[in-house]
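A short reminder: the numbers here are calculations on the coordinates, not readings from a lab. Since the model is a prediction, treat every value here as computed from it, not as a measurement. Note that we place each Cβ from the backbone using ideal geometry, even for glycine, and neighbour counts take in every protein chain shown.
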């Protein structure tokens, strides 16, 4: 669920306050245990085994700096909040374990089962909400090529529908009309990572030859976990025979797929790196990458 950037930063600060309080409290309990052997909040003896002591120290040491970092409202806030969400989820699991183990319960808190639901809920909220200009998966590619910007634009922009001729992640591609806003590209993709092979249709949303920019969004054929996907491309001239190509893809997931966003992002990122190799080989050498040539020969 997306909210305004200002509201998102308020959410981050609220989670940061919780983690800071938790980290400081656990640090205080840990220090008191080392000095007096007692729980400073109850005044009673605190008996911990090695596991309980390790849990107490590690959670406090991790939660305090992470909580304090969430009071910053910079471009890294979202990444830190996702880490905080996972941390809260882990703490919730530890609370659940503490419900059945007295030593862990002594270190983890006074009402482990209640804390399990509270921390788990806060962690889920922190992970689910996103600023309005960001998606759960954001991947970027930037590659400098020994070719002119016009050459790169001709291949990537003007030949938008012919990407399947040289990209090894695709079996084939076609365009339903002349390249322009509204044109739909059909891509037969090979399976990669957790994603199966299939057919994806993508619609051009923006196409600006003068600025060498275009964007498109997936219309159908995406893996079931995806709600939407959009990709933005631009080409910048660095000289007569050198240019920089940038790509920025945003993928929204259904709520039930959010816990595996990081794994899905890794899979997409590895495919983007392979695409960059294909692009460089096709632009700078004039022919498709050997792995694409091999795939075409065996088709």
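Averaged over residues, the count of other Cβ atoms within 10 Å places the peptides 69-76, 175-182, 272-279 in the sequence 272-279, 69-76, 175-182, highest first. Peptide packing: for 163-170, 10-17, the average count of neighbouring Cβ atoms within 10 Å per residue gives the ranking 163-170, 10-17, highest mean first. For the chain, the longest principal axis of the C-alpha atoms and the axis of helix 50-69 are separated by about 60°. Using equal-weight Cα scatterers in the Debye expression, the normalised intensity of region 137-297 in log10 at q = 0.12, 0.16, 0.18 Å⁻¹ is -0.51, -0.93, -1.20. Region 192-220 and region 68-102 have their alpha-carbon centroids 35 Å apart. As a rough footprinting exposure proxy, the listed residues 271, 162 were ranked by other beta carbons within 10 Å of their own, and the order from fewest upward is 162, 271. The ranking of 230, 262 from fewest to most other beta carbons within 10 Å of each one's beta carbon is 262, 230. Measure nothing but the geometry: give the 0 to 90° angle between the long axis through the Cα atoms of 77-98 and the longest principal axis through the Cα atoms of the chain, rounded to 10°. Compared with the principal axis, the helix lies near 40 degrees. Peptides 249-260, 145-156 ordered by packing proxy, namely the average of other Cβ atoms within 10 Å per residue, highest first: 145-156, 249-260. With all pairs of separate Cα atoms included, the chain yields a Kirkwood hydrodynamic radius of 22.3 Å. Helix 261-285 and the long axis of the chain differ in direction by around 30°, with both axes built from C-alpha atoms.
Every helix of 4 or more DSSP H residues in the chain counts as -39500 (n - 2.57), and over all residues that averages to -15500 deg cm²/dmol at 222 nm.
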